[in-house]
Every structure is written in C-alpha cells, then in structure tokens.
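Undergrad: Just passing along the structure, written as structure tokens.
The values are calculated or read from the model by the stated rules, or taken from the named source; none is laboratory data. Because the structure is predicted, anything quoted here is derived from the model rather than measured. Don't worry about glycine lacking a Cβ; one is built from the backbone with ideal geometry, like all the others, and counts go over all protein chains shown. Only protein heavy atoms, including side chains, enter the accessible area calculation; ligands, DNA and RNA are left aside. Shrake-Rupley method; radii C 1.70, N 1.55, O 1.52, S 1.80 Å.
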Amino acid sequence: MTRIEEGPSVLRSPKDMAVRANIMWAATIALNGLIGAGVSGDWTSYMIGHELTARDGIDHGRTLTIILPAVMKQRRQQKQEKLLQYAERVLGITEGDDDQRLDTAIERTVTFDKQMGLPTSLADVDLDSQAIDPLIANLEKHDRLDLGEHGDIHLEQSRLILQAAL
C-alpha cells in the first residue's frame, strides 16, 4: 500500500526525506519477518529475480516488477484468494467477478510500475526467450527447484513464469 501511495510522491519530490523514510520503513517492515509471522510466504519472484540480478546485472527491485506480474498470471488459480485480497485491499477493486478482478489487479500493477518508470517485462531490459534456458539452468544449479509457499513451483513452472514475463 505504501508503495502505491508514496511511489508517485518520490517521483514528484525526489528530495522529500519524509516520503523516502516512509518507503524505507515499509520496506524494512515488509522484509524483517514481522508481518509474515505464522504465515507461509511465496518468495518465487525473489528467487527468480536473484538469478536475473546475478546473470544480467538487473537490480533486484526491477527484477521484481518484471517477475511478479508473470507469477500472478501463471499462478492466478493457486493464488486466487490472496490476489483477490490484494485487488480489494490495496487497489480498491471490488467490481466484477473473480476473473475480472484478477485481470484488473494484474493490469493495474503493471500500469503502475510502468508509470513509475520500471520495467515490467524481460523485453524492457533487452532480454528475449534466449535468456530463459540459462536462467532455468541457474535456478537448478542453485537448488531453487521447489519454489512457492507450497514448494510446488518446479522448474517447469519457473519456465512458464519466465515465458509470461517476455
């Protein structure tokens, strides 16, 4: 939520330390484990993103804006409940059936990131389908074989995620 609320403010006023502090505080809380206590988390976007950083030098934040929408698309059925919560609680999407709200949430996420000047596809960072096999090989090499909160995102699903990110 803070990202959506404060992100445009940073672009408008990049020297506003209060805005930057809000974003840094939100990032700290998001990653310190406190809000995830007792809840299994899905770090798929992070793990695939780490491989993009290592292989192609893309900073981690940008890898997330590339991979997260692809994860949302490829895992929408498995993540439907959480994605619908995100749609309603973060983006305020309440109209339409489940599929329409999911589509709108993914679309708005991508649109927001583009408005922030962030890449939302592998093409945006000059990568094409030729990058997928080496990335899958690196996931395998680094034992990132069973991603997701249920350990059910195997290399085949990671490949589908990367293809969706093209």
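Undergrad: Do the conditions hold for LEU166, that is, is it modelled with pLDDT of 95 or more, open to solvent by 40 Å² or more (accessible area, probe 1.4 Å) and part of a loop (DSSP other than H, G, I, E, B)? Steps first, answer last, please.
TA: Details: modelled with pLDDT of 95 or more: yes; open to solvent by 40 Å² or more (accessible area, probe 1.4 Å): yes; part of a loop (DSSP other than H, G, I, E, B): yes.
Yes: the conditions hold for LEU166.
Undergrad: Turning to a different aspect of this structure: Considering only the stretch 116-150, state which residues are of a type outside the set (Asp, Glu), surrounded by fewer than 16 Cβ atoms within 10 Å (Cβ to Cβ), at pLDDT 95 or above and farther than 16 Å from HIS60 by Cα.
TA: Those that are of a type outside the set (Asp, Glu), surrounded by fewer than 16 Cβ atoms within 10 Å (Cβ to Cβ), at pLDDT 95 or above and farther than 16 Å from HIS60 by Cα: ALA123, SER129, GLN130, PRO134, ALA137, LYS141, HIS142, LEU145.
One line per residue, one yes/no per condition, for (1) of a type in the set (Phe, Trp, Tyr); (2) surrounded by 16 or more Cβ atoms within 10 Å (Cβ to Cβ); (3) in a loop (DSSP other than H, G, I, E, B):
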site: GLY36; (1), (2), (3): no, no, yes
site: SER45; (1), (2), (3): no, yes, no
site: GLY61; (1), (2), (3): no, no, no
site: ILE66; (1), (2), (3): no, yes, no
site: MET72; (1), (2), (3): no, yes, no
site: LEU83; (1), (2), (3): no, yes, no
site: GLU95; (1), (2), (3): no, no, yes
site: LEU102; (1), (2), (3): no, yes, no
site: GLU107; (1), (2), (3): no, no, no
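Undergrad: Mind checking which residues of the stretch 44-59 are touching a residue at least 12 places away in the same chain (Cβ under 8 Å) and closer than 21 Å to THR2 by Cβ?
TA: Within the stretch 44-59, SER45, TYR46, GLY49 meet the criteria.
Undergrad: While we're on this one: Would you mind finding the one in LEU139, LEU91, LEU127 that is part of a helix (DSSP H, G or I) and aliphatic (A, V, I, L, M)?
TA: Answer to the selection: LEU139.
Undergrad: In the set ILE153, ILE93, ILE132, which member is within 27 Å of GLU5 (Cβ to Cβ) and touching a residue at least 12 places away in the same chain (Cβ under 8 Å)?
TA: On inspection, the qualifying residue turns out to be ILE93.
Undergrad: Pairs please, first residue from the stretch 15-32 and over 9 Å from THR2 (Cβ atoms) and charged (D, E, K, R), second anywhere and open to solvent by less than 100 Å² (accessible area, probe 1.4 Å) and part of a helix (DSSP H, G or I), Cβ atoms under 7 Å, 6+ apart in sequence or on different chains.
TA: Going by the 7 Å Cβ cut-off, the qualifying pairs are ASP16/SER9; ARG20/VAL10.
Undergrad: Of everything in the stretch 1-34, what is of a type in the set (A, V, I, L, M, F, W, C), open to solvent by 70 Å² or more (accessible area, probe 1.4 Å) and closer than 24 Å to PRO119 by Cβ? Give them in sequence order.
TA: Listed by number, the residues that qualify are MET1, LEU11, MET24, LEU31.
Undergrad: Something else now. Would you be able to tell me the number of residues in the stretch 79-92 that are closer than 20 Å to ILE153 by Cβ and over 16 Å from the mean Cα position of the chain (by Cα)?
TA: 1
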